[in-house]
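J.: After the structure tokens below, expect a handful of questions from me.
The values are calculated or read from the model by the stated rules, or taken from the named source; none is laboratory data. On a predicted model such as this, the values are computed, not experimentally measured, just so you know. Methodologically, a virtual Cβ is constructed for each residue, glycine included, from the backbone with ideal geometry; neighbour enumeration extends over all protein chains shown.
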Amino acid sequence: MERNQMRRQLALIRQSFFDQGFLDEQFIQLEELQDDANPNFVEEVVTLYYRDSSRLILNIDQALERNPLDFNKLDNYMHQFKGSSTSIGAKKVKAECTQFREYCKAGNSEGCMRTFQQLKKEYAILKRKLEAYFQQARQAGPLETACRSRN
Amino acid sequence: MSGMVLGDDEWVDGWAWEANLKRESKEIALSLPPLSPPAQDMLGLLSSIGAMGMATESQFHVLAVDDSLIDRKLIEKLLKISSFQVTTVDSGTKALEFLGLHEHDQSKPSTLTISPNNHQEVEVNLIITDYCMPGMTGYDLLKKIKESSSLRNIPVVIMSSENVPSRISRCLEEGAEEFFLKPVRLADVNRLRPHMMKTKLKDPIQEKHEKHEDKDDETEKPEHVFLSIFLLEELHLPKRQLVILPNHIHVLESERTKLSFGSFGVDFGVTTSYVSGP
């Protein structure tokens, strides 16, 4: 596919992430930190996020198997998870985190477990989308997104 | 050359100077009284700041403390983009180790000492720390730093993902300079430099003061020299617009800006045309 066409398509895909609520403004903040010194900064951060948070997911899964649930512990885990998700602009994932914490505060086991399933789903969807996006971006070459201007 | 030149007695009173600036909208020539050695040193510092311009900024070293790997990566990037030197650690304990603080005597927190070697090697101009961390929280770290006679002058900024007013005021009351809500942005990091500048410029004055103890204090107005330097830095003037003569600093062309330092508040607007030569 011709380069310009690839880039146009990429830009549309990128926009859809925002339009469909997968990503928020924070993702743009990350893009603005990308520069010639760190041309793959956004991808690095996202990769780091998925690696780092997989550990948390495991911990939460295990904690959810306990009976009764330790809501305090779960809330702590989720506080961390929400923090990282917020930092990369993962909007839907972040919303599930918030919901989960509400259920923790209410001591609602059923709610926690249900929300966590939903969270994992959103988490996986976003991962697939972003992986595909970064791969396409590499094929298309440097893309004019919200990058820092270089003079 | 047209412009407002401050006489010696006008300079004596910083507030009169402020009033004059508000009235005038011309290029400002800051006329200093004959400078004492400490003030001359300050002027030397100023001209080197003017000469180095942006290069000066890379001298500031920030210690960032956060238990989150992602947030450490982000804050590091934000700080590096702003031309700061960065060290990141993942806990308050590690931060104190880095700062050379050793808790020899648990019963007397004020005698936390710095080992001489560390003090020389590690110069930290600002500490930015997350609030919620396991073990030692950002607040605990803030307290320890402010309790240390050797570290208390280092500005500390707290970050938190949670907007809790009581938490914010507690931190500010304990001596934090700023409280940033996460996710931290470039605009937030841009607010850090003035805090670092204050401490960087303060020390030379105090050191020189000690060296020149026998000098007549009447002739020295170090606060006013400080003010002028801070003012000029706030204006972010490139070198060509800063003309420094032995008793005279010409400030050419600036935009409306607000400068505040401690109790000094200066609000002025200057429109000028470039003037070549004295």
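J.: Test B:Glu213 against the criterion of being part of a loop (DSSP other than H, G, I, E, B), at pLDDT below 95, within 14 Å of chain A (Cβ to nearest Cβ) and more than 21 Å from B:Leu96 (Cα to Cα), and give yes or no.
T.: In short, no.
J.: So, one more: Going by the conditions given, is B:Leu96 within 23 Å of B:Asn190 (Cα to Cα), at pLDDT 95 or above and not in a loop (DSSP other than H, G, I, E, B)?
T.: no
J.: Give the residues of region A:60-95 that are within 24 Å of B:Arg72 (Cβ to Cβ), of a type in the set (D, E, K, R) and either more than 9 Å from chain B (Cβ to nearest Cβ) or not in a helix (DSSP H, G or I) (or both), sorted by residue number.
T.: A:Lys73, A:Asp75, A:Lys91, A:Lys94
J.: Related question: Taking region B:160-172 as the search range and keeping residues that are away from chain A (no Cβ under 13 Å) and in contact with a strand residue (DSSP E or B) (Cβ under 8 Å, 6 or more places away or on another chain), which one is surrounded by the most Cβ atoms within 10 Å (Cβ to Cβ)?
T.: B:Cys171
J.: For region A:41-69, name all the residues that are among the small types (Gly, Ala, Ser), surrounded by 15 or more Cβ atoms within 10 Å (Cβ to Cβ) and out of contact with any Lys or Arg (no Cβ under 9 Å at 6 or more places or on another chain). First the steps, then the outcome.
T.: Taking region A:41-69 as the starting set, the residues that turn out to be among the small types (Gly, Ala, Ser) are A:53-54, A:63.
Next, from what is left, pick out any that are surrounded by 15 or more Cβ atoms within 10 Å (Cβ to Cβ): A:53, A:63.
Residue satisfying the conditions is A:Ser53 alone.
J.: What pairs come up if the first residue lies in region A:108-119 and is assigned to a helix (DSSP H, G or I), the second is of a type in the set (Asp, Glu), and their beta carbons are under 7 Å apart, counting only those six or more places apart or on different chains?
T.: A:Thr115/A:Glu96; A:Gln118/A:Glu96; A:Leu119/A:Glu96
J.: Give the residues of region A:32-59 that are within 30 Å of A:Phe71 (Cβ to Cβ) and at the interface with chain B (Cβ under 8 Å from one of its Cβ atoms), sorted by residue number.
T.: Result: A:Leu48, A:Tyr49, A:Asp52.
J.: Within region A:18-25, is even one residue under 17 Å from A:Glu122 (Cα atoms), more than 12 Å from chain B (Cβ to nearest Cβ) and part of a helix (DSSP H, G or I)?
T.: Yes, there is a match, as at least one residue in region A:18-25 is under 17 Å from A:Glu122 (Cα atoms), more than 12 Å from chain B (Cβ to nearest Cβ) and part of a helix (DSSP H, G or I).
J.: Taking region B:173-191 only, how many residues are in contact with a strand residue (DSSP E or B) (Cβ under 8 Å, 6 or more places away or on another chain) and under 13 Å from B:Lys143 (Cβ atoms)?
T.: Number of matching residues: 2.
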